[in-house]
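Following: one structure in structure tokens, then a few remarks.
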Amino acid sequence: MQPTDRLRGFWFAPGSGATDKQIGDTELLIGRALPAELRALLRARNGGVSICTAFVEGVRYFPLLPFLAADPGSAAGSFTSAHLVRRDFDVPDDVIVFAAQGNSWLGLCYAASSGEPKVVYRDGGGCAPEIVAPSFREFLDHLIEE
């Protein structure tokens, strides 16, 4: 996927985007800056379902879960609600969940990261989070439609 193509046609259905204030409030609450591409996706649509279904790299496959919204009142679920219940789902302190369904989630891992956070996945089985991609940009580059 080319950089300009990453965000074009990403969302399954049109919708209103998050405001810069909502994104800023989210970053203030979670104590971390979100990757630029994630902020751009949230500005285009404030959370929801993508037309992409999975991250695939060689034999590695991770399902793409619904994205959380910057708006705390969103029906799609929000960064705020996920952050407040993180202990209930054993989310490590250095991980910010950005997509979730049931007990499974995708997150941004800021552990020992001097640059962009890594993308990690944890399935509902309670296993430790697994590294999916070294950055959100590379995560987007390996998303597929099925």
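In table form, for the structure just shown:
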quantity: Residue count for region 38-60, restricted to those that are touching a Pro at 6+ places or on another chain (Cβ under 9 Å) and of a type in the set (D, E, K, R); calculated: 1
quantity: Within region 107-130, considering residues that are of a type in the set (Asp, Glu) and modelled with pLDDT of 90 or more, the one nearest to PHE67 (Cα to Cα); calculated: ASP123
quantity: Leading residue by the ranking (farthest from GLY9 (Cα to Cα)) among those in region 23-47 that are surrounded by fewer than 19 Cβ atoms within 10 Å (Cβ to Cβ) and in contact with a Gly (Cβ under 6 Å, 6 or more places away or on another chain); calculated: ARG43
quantity: Among (1) at pLDDT 95 or above; (2) under 11 Å from the mean Cα position of the chain (by Cα), the one test that TYR61 misses; calculated: (2)
quantity: First in region 18-35 and free of Cβ contacts under 8 Å to residues at least 12 places away in the same chain, second anywhere and not in a helix (DSSP H, G or I), Cβ under 7 Å, 6 or more apart; calculated: GLU27/ALA33; GLU27/LEU34
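The values are calculated or read from the model by the stated rules, or taken from the named source; none is laboratory data. Model, not experiment: these values are computed from the prediction. Methodologically, a virtual Cβ is constructed for each residue, glycine included, from the backbone with ideal geometry; neighbour enumeration extends over all protein chains shown.
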